[in-house]
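Values in this text are rule-based calculations from the coordinates and carry no lab data. On a predicted model such as this, the values are computed, not experimentally measured, just so you know. Ideal geometry is used to build each Cβ from the backbone, glycine not excepted, and the neighbour counts take in all protein chains shown.
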Amino acid sequence: MIDPAIQTFLTERKESWLKKKVDSKTTAEQESELTQEANEKFALDNWLPDAAKRAKRLSLVSHPAKFSHPSAKTSSVVAIAAKNTDGFVRTGNTLESLDVFGDAAAMDVYKFLSLVLVDGQTVLSHLEQQTSTIQQQFTLSTANYAELAPALLAIKATDTEKTVTSAIVKQVYFPVAANDYHLLSVLTPSSLMFSLKKRINAIRFPDDEKAKAALTSAREARKENKSYEGGYSEIYSLTVIGFGGTKPQNISVLNSQNYGTAYLLESLPPIFKKRNINPPKSNFFSSSLRLKDFQEDFDALHKQLSSDINNIHVKKKLEWMIKNIIYQVADKLWQIRYLDAGWSTSDNYQNLPQPQKIWLDQAYQDTRQQQTDWQDDIKTGLARWLANSYKETQGDKALSIDDDRYKPHFIRLIEECEVALL
């Protein structure tokens, strides 16, 4: 008894053939003759031997060359890779079946081999295992199983003696040693490509009516700028790419089943945000602190220093103005500390003094907490910068500031700000 899946397949093929032959001008007598011809043509005894002859015109592949160029003729490539939980969508990690390319007129043979019989296995799987089930199905009056099986399995045949590529397939020169390279032919993993399309469509156009209604509601809520419980997923910047034009079946079976279109995800180089501050290569005070950022502060400080009034309130205001500058220096310090820890180990910063590396680089956070010998260098450097910056911003009108006199005063104010600064 013929398996129901095989019987349904042959019936559908017969009906499709008759539909093309019979039209409104066909007489009853002609229709009867065509029906008789179809019954004979699509009887298993007649159709299967013919299909076995045509099977060699098809090839099972994992990476069809025709996606690179419709005229490309290469060896049949079946990539075999082990499954691995590495998180990549690649050969071996998906359950998608192989693709098929070859004579479009023979594609019905592959569809036949893909039929799932009552036991859950395909015709091709039965043939590969040489089961008694398929031998029974292929017991015909016109041919025997020993002739049919190898002819149908020719769809899996590969040329093991010589691998052939094509000049119109994309090529990549891949270096393997000095003055040596492999010339690689870049092919398309069609099953992975269409597996991706299937997953994307499941997100964008779900089949389940409940999920479809929820997605529609969520999108409407987003359009109206309203909240929506649960949210939804969306994939932006998709590009549709076509293969085969009006004849997608000439590329491969999977391409034909997907109407000749696949998706390309957005693949663009990253856009790096310009860094507002760069780590100093030799000295934080001369490289990272721009005097023009402090011009107004030193102008105000000079105005206060030039005042004829000298009382406790003036002194307090002067201290507040100097601390304000110190806190701005602390802001610059923390901008650098927010950079990736360990940046100072690069050769670009080999001239930066070790105390400043400890002060600026978060890789030295523990060192800062456990040691204090580096602090004197930082306090002295900052006190010197305060005095020099005042002189430089004020030019000829700057008052005479004696380093020995003001240094202890600056350091005292720096120590009062050390929570933010050190």
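Contact order for the chain, expressed relative to its length and based on alpha carbon pairs under 8 Å spaced 6+ residues apart, stands at 13 percent.
When Ile134, Ile200 are ordered from fewest to most other Cβ atoms inside 10 Å of their Cβ, what list results?
Values: Ile134 23, Ile200 15.
By the 10 Å Cβ count, ascending: Ile200, Ile134.
When only alpha carbons are used to place a centre, region 1-54 and region 346-422 end up 94 Å from one another. The overall shape of region 53-212, judged from the alpha-carbon gyration tensor, is oblate: a/c is not under 1.5, and a/b is no greater than b/c. Legend: helices of the chain (whole DSSP H runs) are marked when their alpha-carbon atoms reach 18 angstrom or more along the helix axis and their mean Kyte-Doolittle hydropathy is at least 0.0; marked are 190-204.
Under a Cβ-Cβ cut-off of 11 Å, what is the net charge of the residues other than Ala105 that fall near it, where Lys and Arg count +1 and Asp and Glu count -1?
Values: positive: Arg54, Arg57; negative: Asp103, Asp108.
Counting the neighbours of Ala105, the net charge comes to 0.
For each pair in Lys66/Lys212; Lys53/Lys83; Lys317/Lys357; Lys66/Lys162, compute the distance between the two Cα atoms and list the pairs where it is over 27 Å. In this structure, Lys66/Lys212; Lys53/Lys83; Lys317/Lys357 lie more than 27 Å apart at Cα. Given their separation in residues at 0.36 nm each and the Cα-Cα distance between them, Arg90 and Ile271 gain 62.4 nm when the chain is fully extended.
Summary of the geometry: region 199-226 and region 75-151, compared by the centres of their Cα atoms, lie 37 Å apart.
Between Tyr406 and Asp331, the distance separating the two model label sites (each 7 Å from Cα on the Cα→Cβ line) works out to 2.2 nm. Here's the list of lysines a cross-link from Lys315 could span, going by alpha-carbon distance under 27 Å and ignoring same-chain residues fewer than 8 apart: Lys292, Lys303, Lys323, Lys332, Lys379, Lys391, Lys397, Lys407. Each of Ile411, Ile378 was scored by other Cβ atoms within 10 Å of its Cβ. Arranged with the fewest first, they read Ile411, Ile378. Using the rule -39500 (n - 2.57) for each DSSP H run of four or more residues, divided by the residues of the chain, the 222 nm mean residue ellipticity is -14000 deg cm²/dmol.
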